[in-house]
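First comes the structure, then the notes that go with it.
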Ligand code: MG
């Protein structure tokens with residue numbers, strides 16, 4: 001039993017933050033030049049819109065989240081998403097204590113806002129809490145580790161099997177101990193041109209998996225992700241059998257995720273762990289149903305499907321059921337979740353997307369330090385700065401700031 005001695009003095013910071021109130025949100029769009037990989041080849045450097053979401057308070061404390069539309073922290077919010085945050089969530093949450101994250105998460109989940117919009121708000125609130133207390137978010141959650149095993153996550157439609165093999169071998173030389181293949185999507189390896197998503201290129205996909213295994217040997221951990229493009233159970237089963245022969249570690253999102261029964265059958269039939277759902281809506285709640293139905297062997301979540309609050313709930317759900325919970329995508333938010341979870345529950349960090357000609361290790365101009373530096377042993381360090389760990393390059397953001405986005409006014413709250 002704990003002794004009933006005197007409690008430590010409450011710090012000035014702790015006293016102050018209980019009085020802080022949210023006054024609103026601002027979304028700052030700005031331009032950034034990126035080098036990315038397209039269908040089978042590097043794209044010319046081009047401008048994209050990145051966004052910085054900012055939660056504002058009456059005492060001047062702020063929290064931030066970069067991006068939030070699609071992949072990790074790298075894709076800026078669309079105009080309509082920006083408007084939902086500033087025009088809908090802002091007035092809804094004005095006057096609330098920004099430390100009431102659970103209350104806010106429940107209110108926003110009920111609001112039917114898009115999951116990524118709810119998530120961006122939750123992430124900015126976690127960042128604020130970390131900045132106010134001077135702690136990284138994973139320490140606020142309960143620190144578990146300072147570094148995480150990473151796998152190199154290759155872009156889809158990277159090339160012919162020999163191109164994938166060369167890329168995987170290059171990643172192995174770079175220090176990665178694990179590599180994930182995304183298959184040819186919207187690209188026909190035979191013609192090396194754009195192609196519809198169906199039919200799939202199963203023979204090419206299988207050749208790619210064989211070529212990569214041959215290039216990196218048996219020591220490297222390999223995962224395979226056809227991003228739900230196998231539209232039939234038979235296709236998914238055929239590729240899964242080959243992955244078993246090749247000793248792959250997991251088989252990710254092989255089929256569309258709306259037909260859960262197909263996943264129940266596939267997970268029962270294959271010995272390779274099936275990792276899903278990745279993009280099915282419903283966050284924590286959908287994952288709970290999949291676990292109960294044994295529709296996959298490994299569950300999957302990320303911080304844009306319920307924020308850090310939702311990801312931590314999902315990790316706890318998985319831990320209780322003895323199911324691993326693999327984090328989808330790169331980024332500061334996912335790394336903070338990984339820093340607060342055990343490797344027994346959340347094993348890997350997805351680093352990427354990586355492709356030939358893409359300098360993933362370069363620091364984005366709006367940051368002072370990269371998100372996820374890789375060490376020689378194939379681990380990524382969890383950011384140790386306050387909050388999510390951003391060190392923002394404000395000069396760059398201010399100089400490349402775009403005018404506020406013209407978006408349709410958001411309708412007032414009403415049932416839909
Ligand atoms: Mg995936």
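General remarks:
- Remark on the range 214-274: Rg and Dmax equal 11.6, 36 Å (Cα only).
- Using a simple spin-label model with pseudo-atoms 7 Å out from Cα toward Cβ, residue 102 and residue 261 lie 3.9 nm apart.
- Max mean-square fluctuation residue, GNM over the chain, Cα-Cα springs under 10 Å, options 127, 73, 344: 344
- Note on the range 189-250: semi-axes of the ellipsoid equivalent to its C-alpha gyration tensor, largest first and rounded to whole Å, are 21, 15, 9.
- Cα gyration tensor shape for the range 114-262, rounded if a/c is under 1.5, else prolate or oblate: prolate
- Directionally averaged projected area (the range 113-195, Cα convex hull): 8.7 nm².
- The antiparallel fraction among DSSP beta bridges confined to the chain stands at about 50%.
- The alpha-carbon positions of the range 135-174 define a convex hull whose volume is 97 Å³ per residue.
- Comparing 91, 226, 386 in a Gaussian network model of the chain, where Cα atoms under 10 Å apart are tied by springs, the biggest mean-square fluctuation is seen for 91.
- Working from the Cα coordinates of the range 293-416, the gyration tensor eigenvalues give, after taking √(5λ), semi-axes of 29, 25, 14 Å in decreasing order.
- Note on residue 268 and residue 58: the extension gain reaches 70.2 nm, defined as 0.36 nm multiplied by sequence separation minus the Cα-Cα distance.
- Ordering of 96-105, 192-201, 173-182 by packing [mean C-beta count within 10 Å, highest first]: 173-182, 96-105, 192-201
- Angle in degrees between helix 101-110 and the longest Cα principal axis of the chain, rounded to the nearest 10: 60 degrees
- Cα Rg, Dmax, the range 39-90, angstrom units: 14.4, 50
- The long axis of helix 161-174 is offset from the longest Cα principal axis of the chain by roughly 50 degrees.
- Distance between the modelled labels on residue 391 and residue 145, one decimal in nanometres: 2.5 nm (7 Å Cα→Cβ projection).
- Theoretical FRET efficiency, 1/(1+(r/R0)^6), r = Cβ-Cβ of residue 320 and residue 218, R0 41 Å, to 0.05: 0.75
- The chain - Rg and Dmax from Cα coordinates, angstrom: 21.8, 75
- Within the chain, helix-based [θ] at 222 nm, where runs of 4 or more DSSP H residues each add -39,500 (n - 2.57), nearest 500: -10000 deg cm²/dmol
- Degrees separating the helix 307-321 axis from the principal Cα axis of the chain, which is the longest one: 60 degrees
- FRET E, pair residue 398, residue 362, Förster distance 22 Å, beta-carbon r, rounded to 0.05: 0.55
- Over 21 Å [Cα-Cα, the range 233-320], rounded percent: 28 percent
- Note: relative contact order over the chain, using C-alpha pairs below 8 Å and six or more positions apart, is 20 percent.
- Three principal axis lengths of the range 63-139 [C-alpha, angstrom, descending]: 33, 28, 17
Values quoted throughout were computed directly from the atomic coordinates according to the rules given, and no laboratory measurement underlies them. Everything numeric in this text was worked out from a predicted model, so none of it was measured. Because the Cβ atoms are built from the backbone with ideal geometry, glycine has one as well, and the counts that use them run over all protein chains shown.
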